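Only the coordinates and a few stated rules stand behind these numbers; no lab work does. Here the structure is a predicted model, which is why all the values come from computation and not from measurement. Note that each Cβ is placed from the backbone with ideal geometry, even for glycine, and that neighbours are counted across all protein chains shown.
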Amino acid sequence: MKRTQFGQGEAAARFGPGFDRTFRTDRTTLGLFFPIEAFDGPRPAMEDQIELAAEAERLGFSALWARDVPLDDPGFGDLGQIYDPFVWLATVAAHTSEIALATGSVILPLHHPVDVAKQAASLDHLSGGRLILGIASGDRPIEYPAYGRNRNERAELFRDALLYLKELLGTSFPTYESERYGRMHGGDLIPKPLHGRLPLLGTGNSGQPLQWLAEQTDGWITYPRPPSQQQRVVGEWHGLSAADAPVKPVAQSLYLDLAGEADAPPQPIHLGYRMGVRHLESLLNTLHGFGVHHVALNLKFSRMDVRDVLEKLSPLARGEPL
């Protein structure tokens, strides 16, 4: 992991408070995926989510994450938080004041870059600079045909959309030519990001060489893996940057079924663990050593009431030892 602090250099210094709250070099922070609830099957109840979001902020969690799942694909897991991520996070923004609001992730090739840029910059302003924009190429088979897009071209679509998005967000009256998304000339996107730049985090590889993704984005969202594998993968990401460059942070997801006994040992579940809070603390310390800066928890499989889970996790969320 690079020793350079976040925020060094002209570019990194212009990110907003959502980025600063979520990504630190002194510890691995904790966030939560919506819905903040346990549920069976694909569809959550979405009850008390605004209240739980405010409670997560009060308890010290760093970020709230919303997924982009436009359609119900019966053969492919759950529906996330049900609602459009920008509409949902705008609603959450109106009931919170400090916690970061993150997309994990917007399926970039399914949406026009002008619309994504307009929605993202608007939410960034309305939330006081709390948005972190996670982007991905998508993996649900029914989505691309529904949008009239060729799934076999998703890598090219993602690359083109990302470059267009960056021009829209970062350049006044940009000129951009795209066979897939059109021609931008003579107009400008308003508003621009509140603090000059909107942090863009790539997810997985999104069909790209990891080196290209590291050059074009401000951080990386990856998946949970056994610690020895995660160390290698995260080390590869950090190895792509120059030694004197600012750190480009790493976030990962993790399904958690928190055990009632603090010392309950880890037991594997889908993309995560059932374990006690002391073993979670140990895992976070291990991941911090690897260069993982943020872990976004998914409580779908929780056996404990999620309010009790949040309370038990609050010391870790605040960065306090148990």
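When the chain is treated as a GNM with alpha-carbon contacts under 10 Å, the residue of His125, His270, His279 showing the greatest mean-square fluctuation is His270. Modelled spin-label separation between Ile269 and Ala245, with each label point placed 7 Å from Cα along the Cα-to-Cβ direction: 3.7 nm.
Annotation: Cα Rg of region 79-219 relative to the compact-globule expectation 2.2 N^0.38 Å equals 1.02. Please work out how many pairs of lysine residues in the chain are eight or more positions apart (or on different chains) and have Cα atoms closer than 23 angstrom. So the count works out to 7.
Axis of helix 49-59 versus longest Cα principal axis of the chain: the two differ by about 70°, to the nearest ten degrees.
Rounded to whole Å, give me the distance from the Cα center of region 166-214 to that of region 239-300. The distance from the Cα centre of region 166-214 to that of region 239-300 comes to 30 Å. In this structure, the amide hydrogen of Thr29, modeled 1.01 Å from its nitrogen in the peptide plane, lies closer than 5 angstrom to those of Arg24, His294, Val295, counting only residues at least 5 positions away or on a different chain. Placing a pseudo-label 7 Å from each Cα along the Cα-to-Cβ vector at His112 and Ser178 gives an inter-label distance of 1.0 nm.
Look at (1) 18.9, 62; (2) 20.8, 67; (3) 19.2, 58: the one that is Rg and Dmax of the Cα atoms in Å derived from this structure is (1). Around the amide H of Phe301, modelled in the peptide plane, lie the amide H atoms of Leu256, all under 5 Å away and 5 or more residues distant in sequence or on another chain. Cβ crowding within 10 Å ranks Ser137, Ser97 as Ser97, Ser137, fewest other Cβ atoms first. What the Kirkwood sum gives for region 1-159 is a hydrodynamic radius of 16.8 Å, with every pair of different alpha carbons counted.
Across the chain, the longest run free of exposed loop sites, meaning GluC sites (Glu not before Pro) lying outside DSSP classes H, G, I, E and B with no more than 15 other Cβ atoms within 10 Å, spans 180-260. Computed from backbone phi, the HN-Hα couplings of region 173-184 come to 6, x, 10, 9, 10, 9, 5, 8, 10, x, 10, 10 Hz, rounded to whole numbers (Karplus: 6.51 cos²θ - 1.76 cosθ + 1.60, θ = phi - 60°; Gly and Pro given as x).
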